[in-house]
Amino acid sequence: MENNQRKKKYGAGILAVSLVIGLSIGFCAGFLIGGHTSSGEGITGESGVVPPIETIQMAESGSTENPDDNVIDRGSDDTEEEPIGNFAVDDEPVLTIDDTVIYLSEVNARAYMARDRYVSLYGEEPWSQEVEDGITVAEYAKNTMLEEMVRITILCGKSDTYGVEALTQDEKARCDFQADDYMAALGKNVAAQFSVEHEAMLNIYEKDALSMKVYNKILGELTEDLRSEDAYMDMDDSEFEQILMQKFNELYTRWKEECIIETTETWNQMVIGAVG
C-alpha cells in the first residue's frame, strides 16, 4: 500500500485533547479491535463489529449498551436536551481514503475509543510496551485505528456494488441510542476534555453498521457461489468457513491495494498515548 499512499499536507491545525491519551476511565467502547496490516481473520455477528485483521490476540471489551443504567430519558415534552459532547471542534480534514474525507472529530472519537481498549488490555500506561516485532502499543494502536477506518470506508464504498441499501430508520435509531449511551457513560467532563462529540460517535456507529451490512452481504454471495460448486457443496462447515474467509480476504486485499490514502500533518504528528 505504501506505493499508493500519498501525503497531502494541510496546516497542522489543532490536535484536540482527545489525541493525548493519558486519563483512565473505566469504560470500554464495546468494539473488537480492528486489524493489522499483515492480516488474517474476519468475523461476523450482530455486534456491528467490522471484520478485524489481527496478528495478536485481543480481548473483547464490554458492551456500551446498558438500558437500565445509561438510557437517556429524552422526556415527552417538546424540549430536547442538548446531547452530551456537542463541543466546537475545529473539524479539519485529517485523512482522505479514496474519495472519503475523515475529519478531526471522528479521529478524536476513535482515538479515545482506542485508548480505552488498550488501557483495558494492558493497564494504565501501556504505550511503550512492545506487542510484536518491536512495535509499541502506541504504534500498534495508531496503525490499527488507520486499518479500521480504511476497512470501514472500503466496505461502505461497496454498498452500491452489492446492492446494500442505506440504513433503515430502525437501524439509525439503534445507532443513535448507542451514541447516546456511550456519551452518557463517558460523562460531560471527560467528553469535553477529550473533545469526543456526540455527532462524531453517531457517525462512527452508522459507518460501522453499514459496513457490517455490506460485509454480511458479501459473505452471503460468496457462500452461495461456493456452495454451488461440487468441491464445496458438501464441505464441513468449519472447513468451509476457512475457505470463505480466504475468498473474502482475497477480495479485500485487492480492494485495499487499489485504495489511495492521503494523510495530513495532523495525522502524521499524532501519537496515541502521548501526554502534553
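The values are calculated or read from the model by the stated rules, or taken from the named source; none is laboratory data. Fair warning: this is a prediction, and the values are worked out from it, not measured in the lab. Neighbour counts are summed over all protein chains in view; Cβ atoms, including those assigned to glycine, are modelled from backbone coordinates with ideal geometry. In case anyone asks, the SASA skips ligands and DNA or RNA and just uses the protein heavy atoms, side chains included. Shrake-Rupley method; radii C 1.70, N 1.55, O 1.52, S 1.80 Å.
Miscellaneous remarks
- I243 vs. criteria of a type in the set (V, I, T), surrounded by fewer than 19 Cβ atoms within 10 Å (Cβ to Cβ) and over 30 Å from E125 (Cβ atoms): yes
- Meets criteria (touching a helix residue (DSSP H, G or I) at 6+ places or on another chain (Cβ under 6 Å) and in contact (Cβ under 8 Å) with a residue 12 or more places away in the chain) for Y140: no
- Scope segment 259-276; condition loosely packed, with under 15 Cβ neighbours inside 10 Å and either modelled with pLDDT of 95 or more or of a type in the set (V, I, T) (or both); matching residues: I260, V275
- Residue match in segment 110-123 (condition: surrounded by fewer than 18 Cβ atoms within 10 Å (Cβ to Cβ) and either under 15 Å from the mean Cα position of the chain (by Cα) or among the charged types (D, E, K, R) (or both)): no
- The set of residues in segment 231-240 being open to solvent by 90 Å² or more (accessible area, probe 1.4 Å) and either within 19 Å of N216 (Cα to Cα) or in contact (Cβ under 8 Å) with a residue 60 or more places away in the chain (or both) consists of D237, E239.
- Inter-residue pairs, beta-carbon under 8 Å, first part of a helix (DSSP H, G or I) and in segment 111-133, second open to solvent by 60 Å² or more (accessible area, probe 1.4 Å) and among the polar types (S, T, N, Q), 6+ apart: V119/S24; Y122/Q129
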